[in-house]
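What follows is calculated from the coordinates using simple rules that are stated; it is not laboratory data. Computed from a predicted structure; not experimentally measured. Counting neighbours? That spans all protein chains shown, and the Cβs are built from the backbone with ideal geometry, glycine included.
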Amino acid sequence: MASVISIDLGSSSVKLVLSGARSGRGGESLEQRSRPVAVSGATASPLGARLAALDALLQDLGPQEGALWATSLGAESVSVRLVDMPFADREQIGRALP
């Protein structure tokens with residue numbers, strides 16, 4: 001069983017990387033799986049096609065109890081802003097930011 005499963009929702013394919021300790025030998029084992037993203041027609045949802053490919057990969061993978069899951073988001077999906085705060089107290093920062 002993998003201890004970490006990483007997901008990459010790419011525009012042309014969805015990829016999984018499974019990593020974890022090898023039983024009895026130490027070190028890490030890596031397994032990579034991918035599925036092409038099939039977008040048909042001009043009205044098809046690119047996100048829907050990616051999620052369908054991910055669903056197919058997860059069905060093939062089967063249950064992974066206790067695994068940690070990681071994913072990345074494309075730059076078009078994220079907004080980052082650096083903010084200088086006049087204080088360093090976590091509670092004050094929590095109240096100041098939404």
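Just name one of Ala88, Ser34, Leu47: the one whose Cα is farthest towards the positive end of the charge dipole of the stretch 4-96 (beta-carbon charges, Lys/Arg +1, Asp/Glu -1).
The listed residue farthest towards the positive side: Ser34.
Using the Cα atoms of the chain, I'd like the radius of gyration and the largest Cα-Cα distance, Dmax, both in angstrom.
So, for the chain, Rg and Dmax equal 18.8, 52 Å respectively.
If you take the beta carbon distance between Leu61 and Asp8 as r and set R0 to 25 Å, what does 1/(1 + (r/R0)^6) give as a FRET efficiency, to the nearest 0.05?
Details: r = 14 Å, r/R0 = 0.58.
So, using R0 = 25 Å, E works out to roughly 0.95.
Report the antiparallel proportion of the DSSP beta bridges in the chain as a percent, rounded to a multiple of 5.
For the chain, the DSSP antiparallel bridge percentage is about 80.
Could you grab the relative contact order for the chain? Cα pairs under 8 Å, six or more apart, rounded to a whole percent. Provide the component values of the computation, followed by the final result.
Numbers: 122 pairs, mean separation 27.5, N = 98.
Rounded, it is 28 percent for the chain.
If you place +1 on the Cβ of every Lys and Arg, -1 on the Cβ of every Asp and Glu, and leave all else neutral, what size is the dipole of the stretch 4-96 about its Cα centre, to the nearest 20 Debye?
Working: 9 positive and 10 negative charges, 32 e Å.
Taking the Cα centre of the stretch 4-96 as origin, the dipole is about 160 debye.
Considering only the other residues whose Cβ falls under 14 Å of the Cβ of Arg33, what net charge follows from Lys and Arg at +1 and Asp and Glu at -1?
Summing Lys and Arg as +1 and Asp and Glu as -1 gives -2.
Okay, helix-only estimate at 222 nm for the chain: each DSSP H run of n ≥ 4 adds -39500 (n - 2.57), divide by all residues, round to 500 deg cm²/dmol; what do you get?
On the way: 2 runs with 23 residues, N = 98.
Dividing the helical sum by the residues of the chain leaves -7000 deg cm²/dmol.
Compute the angle between helix 46-61 and the longest alpha-carbon principal axis of the chain, please, reported from 0 to 90 degrees and rounded to the nearest 10.
60
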